[in-house]
Each structure stands twice: as C-alpha cells, then as structure tokens.
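Here's the structure we're looking at; comments come further down.
The values are calculated or read from the model by the stated rules, or taken from the named source; none is laboratory data. Only a predicted model underlies this, so the values are computations on that prediction, with no experimental measurement involved. Here Cβ is always computed from backbone atoms with ideal geometry, including for glycine, and neighbour counts include all displayed protein chains.
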Amino acid sequence: MDRDPDVFCIGEDIGKYKGTFRVTDGLYEKYCVEPGDWLVPPFHKEQADGIGRRIIDTPIVEPGIVGFATGAAMTGLRPVVEMMTMSFSILAMDQIINHAAKIHYMTGGKITVPIVIRGPGGAANQLSAQHSHSMEGWYAHVPGLKVVAPAFPDDAKGMLKAAIRDDDPVIFTENPGLYAVKGEVSDDPEALVPFGQAKVVREGSDLTLVAYSRMVHVCLKAAETLEGDGVSAEVVDVRSLLPLDTETIFASVRKTHRAVVAYEDWRSGGFGAEIAARIGEACFDDLDAPVKRVGGLNVPMPYSRVLELECIPDEDDVLDAIRNLA
Amino acid sequence: MAKQAEYSLMHAPAGLLDYYRQMVFLRHFEEKSMQAFRTGKAGGYLHLYSGMEALAIGWLGAIRQGYDYVIAAYRDHAYPIILGTDPVEVMGEIMGRAGGLSRGKGGSMHLYDPDRGFFGGWGIVGGHTALGGGLGLACKYRGEDRITLCVLGDGAANAGIFFETLNMAGLWKLPIVFLIENNFYAMGTSLERHAADPALYLRGAPFAMPHERLDSQDLVKVLADARRIVEHVRTVREPYLVEAITYRFAGHGAADHDRQLYRTRKEEEEWEAQNDPIKVLERHIEEQRLASKETLEAIDEEMLKEADRVYAEADAMPHPDPGEVYDHVYTKMKPEAGH
C-alpha cells in the first residue's frame with residue numbers, strides 16, 4: 001500500500017474492527033488519519049470513525065463489495081477485497097465468476113481487473129455447515145481467475161505481493177488453521193513468489209504426497225511418521241492451483257511411482273481430484289499403483305466436534321491411504 | 001411543451017438536426033442488427049433499442065463524452081455509437097468478427113469502449129449496477145469531478161444487488177446517476193406484475209439520494225433534464241436516481257416473436273403513433289422551421305444507406321482465427337497445457 005497509491009482494502013470490519021482474523025490490524029490507524037484519507041469523514045469529533053478511503057469498511061453485502069471492487073479495478077485501481085470467510089464469497093459468485101473472471105475475455109482484452117479476493121477458507125472449530133467451506137476448488141475451475149493457497153508464511157507474503165501486482169483477478173485462500181504458523185519471511189519488499197510454481201518441501205523416494213494449504217502440514221507430519229516405518233515420502237506443496245505447476249508434480253511421481261493427493265475440500269470434485277486425474281493421464285506408465293485421493297467427507301460440515309473431526313482429513317487418513325497403495 | 005424562447009436557449013438549430021441524424025441512424029442500425037440475426041450472421045441474444053433513442057442521445061448529450069463513465073446492460077448498441085465508436089466495429093462484434101469491438105469474444109451484449117468511457121455491455125440483469133458503483137467509487141477515490149451514468153431497466157431495479165449498490169452509493173456519496181429505463185416490461189412481465197410499487201423512482205428515498213421520474217420520448221426535454229441532473233451530480237457530488245419513462249418498439253430480444261403474449265398491439269400502436277422519439281423530434285424541427293419534410297426524408301435515406309454500408313463492411317470482416325480462442329483469458333498468461 002505504501003508502494004502503490006492505487007492499492008486499497010475493502011471488506012467487512014477490516015478497518016475499525018481490525019479484521020475478524022486481525023489480518024488488516026493496524027492499517028486503519030495508519031492510512032486513515034489526514035482529512036484527505038476519508039471516503040466519508042468521521043461522524044464524531046473525538047473518534048476516528050469515518051469510512052477510510054484506502055481501508056473501506058463496508059456493509060455486510062458480499063455481492064456489492066466484489067462488484068464495487070471490480071468496477072473500481074476496471075478503471076485501474078487495485079483493490080484487495082476481504083471476504084470475512086471464503087464461505088461468504090458464495091454470495092458473490094455472480095460477481096466473481098460472471099463478471100471479474102470474464103471481463104478481460106469478453107472485452108477482447110480491452111479491460112483488465114487487477115483485483116485480489118482474499119480470506120480464510122476451510123474448516124475451523126465447530127463453525128458448522130455454512131461457515132466451513134473450502135472454496136478454492138470452485139474457483140480453480142473457472143477460466144479467467146488465478147487461485148493460490150499458500151501453506152507457509154514466506155509464501156503467504158510473497159504470493160500476496162505477487163497477487164496485488166498481478167493484473168488478473170486472483171483468489172488468495174488462507175486457512176484459519178494456518179494463521180498461527182510462524183516462519184521466516186523476507187524483508188525485501190521486492191521478494192515475490194511467482195504463481196505456477198509448486199515446491200518440494202520434503203524430499204523422498206518411495207511415494208509422493210501432493211497437497212496444498214493446511215494439508216501440506218498434515219502430509220509433512222505423516223511423512224515423519226512414515227520415516228519411522230522406513231518409508232520415504234516426498235511432499236509437494238502445490239501453492240498455486242491455477243496456474244498449476246504440473247511439471248514439478250509429474251517429475252516427483254515419475255521418481256517415486258506412487259501418488260496420494262490430499263486436500264481438505266469435499267473429496268468428490270475437490271481440486272485435488274483434478275490433480276489426481278492429470279497425474280493419471282500423464283504419468284500412467286510411471287505409476288505402480290492408482291493415484292489415491294484424501295479429502296473431506298462428502299457431507300455438510302456438522303457442528304458436533306466429534307462429528308466434525310470425522311469430516312476433516314487428518315494424518316491418519318493420509319496414512320490409511322498410503323497403506324492401501326498397492 | 002417548451003416555448004420557442006426556451007428552445008433557442010437550449011440548442012442551436014444545427015444541434016437538433018445532428019441529433020435527428022443520429023436518432024434515425026440508430027433506428028436503421030437496429031433494423032440491420034435484426035437482419036444480421038435473421039440471416040444467421042448474429043446468434044445468441046440481440047436486444048434492440050428502437051423507440052428509446054431519445055434516452056441515450058439525451059443523456060449522453062449531457063455528459064462530458066470521453067471523460068465521464070457510462071455503463072449499461074445488454075440493450076447497449078446505442079451508447080458506444082453515440083460516444084463515437086465506429087459503428088462498423090459494433091456491427092462487426094454483433095456478427096462475431098475478429099475486427100469487432102471485442103474481437104468477436106463478446107457479441108451484442110458485450111460491447112466496450114473504455115477509452116471513450118463506455119464500460120459495457122452486461123448480461124446479468126442488475127449485476128452490472130455494482131460495477132457502476134465501483135466506477136463511481138473510483139472517481140471519488142481519485143478526487144475527480146467525473147460522473148458515472150449507470151443505466152438499467154425496470155426489471156433490474158428489483159435485483160438485490162441494485163439495492164446493495166444504491167445503499168453504498170448513498171452512504172458513501174458517490175457521483176453516480178442511476179438511470180432506470182422503465183419501458184414497462186421486464187422481459188415478458190409487465191411493471192404491475194413485477195414491482196410491488198411501480199413508482200420505481202421512490203427506490204432512491206431509503207438511500208439518501210434525490211430521485212425523480214421523467215418522461216423520456218422528447219429529446220429536447222431529455223436534454224434539459226439530463227443537463228440539470230448531471231450538473232447537480234458533478235457539483236454536489238452525490239448520487240441521483242432517475243426513473244425514465246420510455247417504450248421499446250421491438251421485442252425484449254430477437255427470440256421474442258410473440259409480444260402479444262404480454263402486451264397489446266393497441267398499446268404498441270399508441271406509443272408508435274404518439275411517442276416515437278423520431279416523430280416527436282420531427283415535430284420540434286418542423287415547428288422551429290429548421291428543415292423541411294423533404295430534408296428530413298433525405299436524411300432518412302442517407303442514414304439508411306449509411307446503415308447498409310456499415311452492415312456490408314462488417315459482413316466483409318473475417319471471422320476470428322480458431323487459434324485466438326485462448327487469447328485474453330488472462331492478461332499475459334495462456335491457460336496451462338494439459339488442462
């Protein structure tokens with residue numbers, strides 16, 4: 001935001017409330033100070049309670065939020081939209097898919113939409129069926145969008161920078177279970193992590209675990225457990241769903257001859273299923289076993305913690321799938 | 001009816017004749033578009049503006065063309081043409097040719113000319129109004145004195161996204177004119193059958209913006225109203241809701257073959273006889289003695305020839321190369337191999 005005055009944030013409770021997951025904490029205080037910083041000036045003399053120009057607190061209207069941001073982006077501004085949870089982005093589907101994703105194509109390249117739509121996606125702690133969706137697979141299905149799901153802090157920083165500078169609409173999925181993960185990040189403001197590059201985060205030789213977002217960490221734990229059993233698992237962090245780096249994934253599978261794709265989304269039709277299909281197509285001759293999918297149970301997320309834990313894929317589910325690899 | 005003195009204050013006589021040429025050309029252009037559809041040169045959807053010309057000409061005559069933003073829905077052929085886009089490129093796009101305005105990627109509903117301020121061209125009823133809100137937000141963000149003209153239909157005025165947009169526009173005081181082109185039918189459903197309260201202009205009331213209903217078949221009146229309202233929005237910097245009463249002579253779209261399913265021929269004939277914007281403008285021209293009947297007929301013939309020329313030139317354009325199908329999905333990236 002310091003580098004480019006066209007970058008602004010827009011979403012529900014991101015300013016005064018600091019964001020429900022505190023991702024935008026401190027931005028309102030920093031960018032909404034001078035009289036010129038307000039879209040709507042403060043209502044009360046003693047309080048900073050105006051609507052900021054660069055940090056815009058909105059009414060609770062996901063379709064309108066995405067639509068306004070898309071319209072502003074068409075004139076060259078660079079909005080970073082927060083969806084309070086990616087589950088709520090379902091309300092804004094028409095604006096995301098029928099508008100933002102399609103504009104560059106429908107206009108024959110005349111208009112661009114440099115928008116970022118970010119937010120926490122995936123299950124957390126008993127949020128129930130309407131608040132627990134993994135949406136990245138829905139969006140990675142749509143031509144015209146780019147979709148990324150970083151699993152580590154340095155990737156999150158580098159990919160968010162890349163997303164903001166990208167001239168295409170980017171869906172930036174965060175997982176609430178990952179907000180607490182700590183790690184080294186670069187201080188270099190030009191350190192971007194480009195899209196379309198997967199990363200081998202653990203080398204191995206007996207099988208390949210392909211995962212993204214929180215499931216990368218689950219797979220890394222599973223790989224450690226397997227080491228104790230004398231099995232060497234390679235873990236590939238997809239990071240970027242669209243564009244997808246199939247080269248890195250296929251190279252790993254060709255080396256190990258076995259693949260398990262793990263994702264938190266509903267197993268049937270989740271984006272990992274697409275990855276599994278492509279591995280099957282391209283690496284058939286190199287595979288010693290069918291490609292396995294590990295995903296969430298195909299049920300609406302139940303409230304009861306006992307039931308919820310059944311639905312969310314964990315280390316045991318990954319190990320089970322591996323043991324069933326012929 | 002305005003008096004003689006008011007006319008000379010509002011327009012130089014040459015102005016009205018230029019508007020007349022434009023109006024007649026648009027009428028013929030729409031007829032040629034329908035010909036393109038009937039001969040299989042255009043497919044999908046085609047929504048004609050015939051009967052509503054005074055609205056587009058009047059409002060676009062009141063804005064700063066090429067500076068202010070204009071956004072509309074799918075009945076959109078008139079706006080880019082009035083703003084100066086080459087009608088050959090518009091017809092070429094309707095015919096899906098490579099040299100069409102959107103390179104054949106959009107079609108009749110997806111016309112855009114952002115350099116001239118025209119931001120489309122949209123197929124989701126009401127969906128584009130939020131984009132219009134965003135255009136207005138961008139103007140305020142940048143501290144510009146630009147205004148946004150956001151056009152929608154009476155059907156779109158019921159969409160939830162429209163209310164979300166009105167609320168934010170009123171809350172944040174965005175410089176936008178929301179222009180409801182009320183032609184009394186949301187596709188095949190009449191106003192009484194789709195609006196709980198047919199006084200659509202009152203929808204501005206809950207959202208802190210001035211709102212009014214205006215007759216819109218008389219170009220002279222439309223120009224006067226539009227100039228007043230545009231000036232207000234540009235100087236006061238707040239949104240404005242206008243319900244413009246108009247009528248479309250054609251069906252909703254090209255597939256609407258049986259308009260008598262939802263309206264009467266008698267109603268159509270009344271509007272065509274008494275409120276055709278072309279005939280209303282002719283009456284002004286004749287009353288002010290700006291041109292003779294013969295001159296007007298000559299203009300009509302000339303504009304028909306012009307529309308024929310546009311059609312022929314568009315039809316001569318090549319179709320897109322199949323290899324172009326992957327262009328412009330992204331700004332720099334092609335969809336990845338093996339997908």
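Quick rundown of the values:
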item	result
From the options A:PRO63, A:PRO41, residue that is within 11 Å of chain B (Cβ to nearest Cβ) and more than 29 Å from B:PHE118 (Cα to Cα)	A:PRO41
Qualifying residue in region B:159-167 (condition: over 30 Å from A:ASP57 (Cα atoms) and not small (Gly, Ala, Ser))	no
The one condition in (1) in contact with a Ser or Thr (Cβ under 7 Å, 6 or more places away or on another chain); (2) in contact (Cβ under 8 Å) with a residue 12 or more places away in the chain that A:THR107 fails to fulfil	(2)
Scan of region B:198-225 for residues that are touching a residue at least 12 places away in the same chain (Cβ under 8 Å) and of a type in the set (Gly, Ala, Ser), ordered by number	B:ALA199, B:GLY204, B:ALA208, B:SER216, B:ALA224
Residue match in region A:238-250 (condition: in contact (Cβ under 8 Å) with a residue 40 or more places away in the chain, of a type in the set (S, T, N, Q), part of a helix (DSSP H, G or I) and surrounded by fewer than 24 Cβ atoms within 10 Å (Cβ to Cβ))	yes
Top-ranked residue of region B:163-197 - restricted to ones that are within 11 Å of chain A (Cβ to nearest Cβ) and free of Cβ contacts under 8 Å to residues at least 40 places away in the same chain, ranked as surrounded by the fewest Cβ atoms within 10 Å (Cβ to Cβ)	B:LEU171
Top-ranked residue of region B:121-145 - restricted to ones that are more than 7 Å from every other protein chain (Cβ to nearest Cβ) and small (Gly, Ala, Ser), ranked as surrounded by the most Cβ atoms within 10 Å (Cβ to Cβ)	B:GLY136
Odd one out for B:ILE229 among (1) under 19 Å from the mean Cα position of the chain (by Cα); (2) of a type outside the set (Lys, Arg); (3) more than 28 Å from A:ILE65 (Cα to Cα)	(3)
Odd one out for B:ASP256, checked against (1) modelled with pLDDT of 95 or more; (2) surrounded by 11 or more Cβ atoms within 10 Å (Cβ to Cβ); (3) closer than 29 Å to B:SER216 by Cβ	(1)
Meets criteria (farther than 19 Å from A:LEU127 by Cα, basic (Lys, Arg), crowded, with 19+ Cβ neighbours inside 10 Å and more than 14 Å from chain B (Cβ to nearest Cβ)) for A:ARG293	yes
Among (1) without any contact (Cβ under 8 Å) to a residue 60 or more places away in the chain; (2) of a type outside the set (Lys, Arg); (3) closer than 30 Å to A:GLU12 by Cα, the one test that B:ASP258 misses	(3)
Tally, over region A:44-60, of residues that are among the aliphatic types (A, V, I, L, M) and within 11 Å of another protein chain (Cβ to nearest Cβ)	3
Only listed residue being under 21 Å from A:GLY119 (Cα atoms), surrounded by fewer than 12 Cβ atoms within 10 Å (Cβ to Cβ) and not charged (D, E, K, R), chosen from A:GLY36, A:GLY26	A:GLY26
Number of the condition not met by B:LEU60 [criteria: (1) aliphatic (A, V, I, L, M); (2) out of contact with any strand residue (DSSP E or B) (no Cβ under 8 Å at 6 or more places or on another chain); (3) over 21 Å from A:THR112 (Cβ atoms)]	(2)
Selected residue (criterion: nearest to the other protein chains (Cβ to nearest Cβ)) from residues of region B:146-161 that are part of a helix (DSSP H, G or I) and either touching a residue at least 40 places away in the same chain (Cβ under 8 Å) or β-branched (Val, Ile, Thr) (or both)	B:ILE161
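Matching residues to (1) under 21 Å from B:GLY136 (Cα atoms); (2) at pLDDT below 95; (3) not hydrophobic (A, V, I, L, M, F, W, C):
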position	(1), (2), (3)
B:ARG21	no, no, yes
B:LEU26	no, no, no
B:ILE63	yes, no, no
B:VAL90	no, no, no
